[in-house]
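Enquirer: Let me begin by handing over the structure; questions about it come next.
The values are calculated or read from the model by the stated rules, or taken from the named source; none is laboratory data. Because the structure is a prediction, the values reported are computed rather than measured. Every residue, glycine as well, gets a Cβ built from its backbone with ideal geometry; the counts of neighbours run over all protein chains shown. The protein model used for the area step is the full one, side chains on, heavy atoms only, and it has no ligands, DNA or RNA in it. Shrake-Rupley method; radii C 1.70, N 1.55, O 1.52, S 1.80 Å.
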Amino acid sequence: MIYKLIGNNTVNHKTHIRVFNTNLDNLALLKPAWQQYSHEARWRAHRAVDGLYSNLTPAGDQCTLSGSSKSTAEWRVDLGGVFSIHHIFIQYR
């Protein structure tokens, strides 16, 4: 699963990703993830799938943070198989 968001961005992108099957299980939870243009090691892609989302500010360490002044942001999550997807929730700001 690959998501690419494109825009004119002058600030960092904060992201959290959840992928649900028909039973509403989060298939992306703790799965291997990759992010293009990580801001720092502490905000890499693993934060997008860690299941924590009560404080999505950079200080909360519960979201990814992409590099400043990039015109694209891209994430990948390896779900570990082929699944029927009910819906995908990407919190991106």
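Enquirer: Is it the case that segment 41-61 has a residue that's on the phi > 0 side of the Ramachandran plot, modelled with pLDDT of 80 or more and open to solvent by 80 Å² or more (accessible area, probe 1.4 Å)?
Expert: no
Enquirer: Does Ala33 count as in contact with a helix residue (DSSP H, G or I) (Cβ under 7 Å, 6 or more places away or on another chain) and at pLDDT 80 or above?
Expert: yes
Enquirer: Show the residue pairs that are 6+ apart or on different chains and have beta-carbon atoms under 6 Å apart, the first residue being within segment 43-56 and free of Cβ contacts under 8 Å to residues at least 60 places away in the same chain, the second being aliphatic (A, V, I, L, M) and assigned to a loop (DSSP other than H, G, I, E, B).
Expert: Between residues of segment 43-56 that are free of Cβ contacts under 8 Å to residues at least 60 places away in the same chain and residues that are aliphatic (A, V, I, L, M) and assigned to a loop (DSSP other than H, G, I, E, B), the close pairs are Val49/Ala28; Gly51/Leu29.
Enquirer: Restricting to segment 36-93, and then to whatever is β-branched (Val, Ile, Thr) and not in a loop (DSSP other than H, G, I, E, B), can you tell me which residue is nearest to Asn23 (Cα to Cα)?
Expert: Taking the candidates together, the pick is Ile88.
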